[in-house]
1. Counting only residues that are touching a strand residue (DSSP E or B) at 6+ places or on another chain (Cβ under 7 Å) and β-branched (Val, Ile, Thr), give me the helices (runs of 4 or more DSSP H) lying completely in region 81-185 with at least 2 of them.
2. Let me confirm something: among Leu167, Leu160, which residue is within 16 Å of ligand 1 (Cβ to nearest atom), in contact with a helix residue (DSSP H, G or I) (Cβ under 9 Å, 6 or more places away or on another chain) and not basic (Lys, Arg)?
3. How about region 136-167: which of its residues are of a type in the set (S, T, N, Q) and either open to solvent by less than 10 Å² (accessible area, probe 1.4 Å) or within 21 Å of Val4 (Cβ to Cβ) (or both)?
4. If we only count strands (runs of 3 or more DSSP E) wholly inside region 225-269, which ones have 3 or more residues that are of a type in the set (D, E, K, R)?
5. Can you tell me which residues in region 26-47 are more than 18 Å from Leu160 (Cβ to Cβ) and either more than 10 Å from ligand 1 (Cβ to nearest atom) or among the charged types (D, E, K, R) (or both)?
6. Restricting attention to region 186-222, which residues are part of a loop (DSSP other than H, G, I, E, B), of a type in the set (Ser, Thr, Tyr) and over 15 Å from Cys43 (Cβ atoms)?
7. Given (1) open to solvent by 10 Å² or more (accessible area, probe 1.4 Å); (2) more than 12 Å from ligand 1 (Cβ to nearest atom); (3) not in a strand (DSSP E or B), identify the lone condition not met by Thr71.
8. Look at region 229-268 and say how many of its residues are under 24 Å from Thr318 (Cβ atoms) and among the hydroxyl-bearing types (Ser, Thr, Tyr).
Amino acid sequence: MIDVRLTAVSKRFDKSSDAAAVDEVTVTIGAGEFFTLLGPSGCGKTTTLRMVAGFYFPTSGQIHFGDDDVTHWSPNKRDTGMVFQNYALFPHMTVAQNVAYGLRVRRVSRTERDRRVSEALAQVHLSGYGARRIDALSGGQQQRVALARALVIRPRTLLLDEPLSNLDAKLREETRTEIRRIQRESGNTAIYVTHDQAEAMAMSDRIAVMQSGKVQQVGSPQEIYYRPTNAFVARFIGRSNVLSLPVVGAGENRVEVRLSSGATIEVGAATGHGLTEGDTALVSARPEHITLAGGDEESALRGRVTHVEFTGMATNLTVDCDGTEVMAAVIDAPATINVGDLVGLRLVRERLWVVKP
Ligand code: ADP
Ligand code: MG
């Protein structure tokens with residue numbers, strides 16, 4: 001088990017262009033940690049992972065595996081296990097031959113090879129499948145073979161690039177649980193790439209949220225969900241309302257803002273928020289932290305319902321509050337609620353959070 005450190009890592013494919021595919025990324029991934037690079041398509045996740053694997057060299061910056069500066073090491077020297085979206089298995093070989101491949105390349109003896117292939121297949125719960133042909137397996141099973149093939153070489157780090165994208169929704173959820181179990185048991189440091197925030201939240205110890213080649217925030221799923229650093233992170237992780245509200249007072253970790261009702265409330269904020277009276281604060285409010293106000297209850301926001309959607313777990317409402325569309329997810333909403341109704345909304349104040357633009 002080793003930690004992986006990226007220090008100001010940048011990659012420019014086109015030296016003449018200003019835009020870097022990966023722009024000054026600095027993160028430390030702890031030994032044994034399950035760490036996810038999360039962001040929209042094109043934000044630089046794959047490029048970052050390929051630099052860790054050694055398929056690309058950074059234009060600038062350093063990559064360390066433990067005490068080793070591996071920045072310019074070739075991929076085979078790095079001992080990384082890679083798993084891709086499209087499995088990249090050899091269709092004409094058996095499961096065992098596919099898993100054994102990396103050991104053959106490394107000239108591991110036949111007996112040792114057989115022992116380690118059995119061990120890797122057991123790890124991914126595919127004991128007894130060794131003689132099967134790849135094309136006789138389901139997508140989920142093929143992805144587990146790909147995982148076994150990565151694990152069998154006993155890699156120093158496990159790198160996974162959108163490994164679940166080709167699976168249907170139900171299998172994707174089962175397989176993500178399975179990948180996490182296998183990673184825990186093997187104790188590997190894992191770097192996982194996905195654009196799917198629910199997947200990232202469910203699997204990761206920590207997440208780096210990326211946009212346009214830059215890391216926007218690094219934190220645990222809870223930190224990123226409850227304390228997003230800026231409006232992009234707030235909106236990308238789950239759904240969030242970002243309300244613009246006038247500041248009437250401020251402290252080190254709080255900002256007092258005025259609601260359209262005239263009432264003022266205190267909202268949590270990161271140290272160094274820099275807001276003072278007279279500024280406008282951006283306040284992130286998750287839909288599930290906005291509920292319908294009771295009849296005589298003071299409501300933070302009032303508006304007209306423009307959309308109603310029953311999801312089973314909650315009723316999603318969109319409410320037009322003085323020209324701002326506010327999303328609320330209400331549990332046990334009255335079945336009578338309709339588009340055009342005038343409603344009052346209540347905010348769960350402890351869960352509001354000031355974000356940067
Ligand atoms: P992601 O994996 O987050 O979808 P990528 O790392 O694949 O993003 O791509 C980041 C950016 O770098 C994109 O703008 C992409 O077009 C560009 N890019 C990726 N690979 C290459 C390449 N081999 N040559 C030129 N540009 C590339
Ligand atoms: Mg990618």
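1. Once the helices (runs of 4 or more DSSP H) in region 81-185 are filtered for at least 2 residues that are touching a strand residue (DSSP E or B) at 6+ places or on another chain (Cβ under 7 Å) and β-branched (Val, Ile, Thr), nothing remains.
2. The match here is Leu160.
3. Of everything in region 136-167, those that are of a type in the set (S, T, N, Q) and either open to solvent by less than 10 Å² (accessible area, probe 1.4 Å) or within 21 Å of Val4 (Cβ to Cβ) (or both) turn out to be Gln143, Thr157.
4. Those strands (runs of 3 or more DSSP E) span 254-258.
5. Correct list: Thr26, Thr28.
6. Ser204, Ser220
7. Checking Thr71 against (1) open to solvent by 10 Å² or more (accessible area, probe 1.4 Å); (2) more than 12 Å from ligand 1 (Cβ to nearest atom); (3) not in a strand (DSSP E or B), the one that fails is (1).
8. Selection size over region 229-268: 4.
The values are calculated or read from the model by the stated rules, or taken from the named source; none is laboratory data. As the structure is a prediction and not an experimental result, all values here were calculated from the model. Every residue, glycine among them, receives a Cβ derived from its backbone with ideal geometry; neighbour counts consider all protein chains shown. What goes into the accessible areas is simple: the full protein's heavy atoms, side chains included, and nothing from ligands, DNA or RNA. Shrake-Rupley method; radii C 1.70, N 1.55, O 1.52, S 1.80 Å.
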